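Here the structure is laid out as structure tokens; the discussion comes afterwards.
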Amino acid sequence: MSVVYEVNLAVDREIAVEYRDWLIAHVQEMLTLPGFTGARLMETVPDQADAAETVFCTQYELVDQAALDEYLRVHSARMRADGLSRFGDRFRSSRRVLRDLDRY
């Protein structure tokens, strides 16, 4: 059963273009890791309350939970460290895991 690993990123609007450029390359690197089969990069449609931030959502598709567990155990610290070293505290992230129940 496939798994979706979703990462939501709230980025200071002042660095949003630079962050997006980095994020595109980051997603491409993630897709070279074992078990990753695809990704989708989206930007939320802002409202007036979110004027200070740009929010990106990346959904990574993995073959199964074992592939996600391997990523979290072996690769995640290194992959997260790159963004932190480049952008420090100018973004916030949250993550969640989604599993298909059915497709229509």
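The values are calculated or read from the model by the stated rules, or taken from the named source; none is laboratory data. All values reported here derive from a predicted model rather than from experimental measurement. Positions of Cβ are generated from backbone atoms using ideal geometry, with glycine treated the same way; all protein chains shown enter the neighbour counts.
Thr54 meets the conditions (1) touching a helix residue (DSSP H, G or I) at 6+ places or on another chain (Cβ under 7 Å); (2) at pLDDT below 95; (3) among the hydroxyl-bearing types (Ser, Thr, Tyr); (4) closer than 30 Å to Asp102 by Cβ in every case but one. The failed one is (4). Of the candidates Ala49, Ala25, the single residue that is part of a helix (DSSP H, G or I), modelled with pLDDT under 95 and surrounded by fewer than 16 Cβ atoms within 10 Å (Cβ to Cβ) is Ala49. The number of residues in the stretch 1-51 that are more than 23 Å from Val74 (Cα to Cα), touching a helix residue (DSSP H, G or I) at 6+ places or on another chain (Cβ under 8 Å) and of a type in the set (Val, Ile, Thr) comes to 3. Inside the stretch 28-46, can you point out the residues that are part of a helix (DSSP H, G or I) and surrounded by fewer than 16 Cβ atoms within 10 Å (Cβ to Cβ)? Across the stretch 28-46, the qualifying residues are Gln28, Glu29. Does Thr37 satisfy the condition of being hydroxyl-bearing (Ser, Thr, Tyr) and modelled with pLDDT under 95? No: the conditions fail for Thr37. Scanning the stretch 52-71 for residues that are loosely packed, with under 13 Cβ neighbours inside 10 Å and either under 16 Å from the mean Cα position of the chain (by Cα) or part of a helix (DSSP H, G or I) (or both) gives a single hit, Ala66.
Restricting the search to the stretch 72-98, which residues are more than 16 Å from the chain's Cα centre (by Cα) and either of a type in the set (A, V, I, L, M, F, W, C) or surrounded by 11 or more Cβ atoms within 10 Å (Cβ to Cβ) (or both)? Val74, the sole residue that qualifies. Go through the stretch 57-70 and give me each residue that's in contact with a helix residue (DSSP H, G or I) (Cβ under 8 Å, 6 or more places away or on another chain) and either farther than 13 Å from Pro34 by Cβ or touching a residue at least 60 places away in the same chain (Cβ under 8 Å) (or both). Thr58, Leu62 - these are the residues of the stretch 57-70 that are in contact with a helix residue (DSSP H, G or I) (Cβ under 8 Å, 6 or more places away or on another chain) and either farther than 13 Å from Pro34 by Cβ or touching a residue at least 60 places away in the same chain (Cβ under 8 Å) (or both). If you check Ala10 against the conditions, is it surrounded by 13 or more Cβ atoms within 10 Å (Cβ to Cβ), of a type in the set (Gly, Ala, Ser) and either free of Cβ contacts under 8 Å to residues at least 60 places away in the same chain or outside any strand (DSSP E or B) (or both)? Against the criterion (surrounded by 13 or more Cβ atoms within 10 Å (Cβ to Cβ), of a type in the set (Gly, Ala, Ser) and either free of Cβ contacts under 8 Å to residues at least 60 places away in the same chain or outside any strand (DSSP E or B) (or both)), Ala10 does not qualify.
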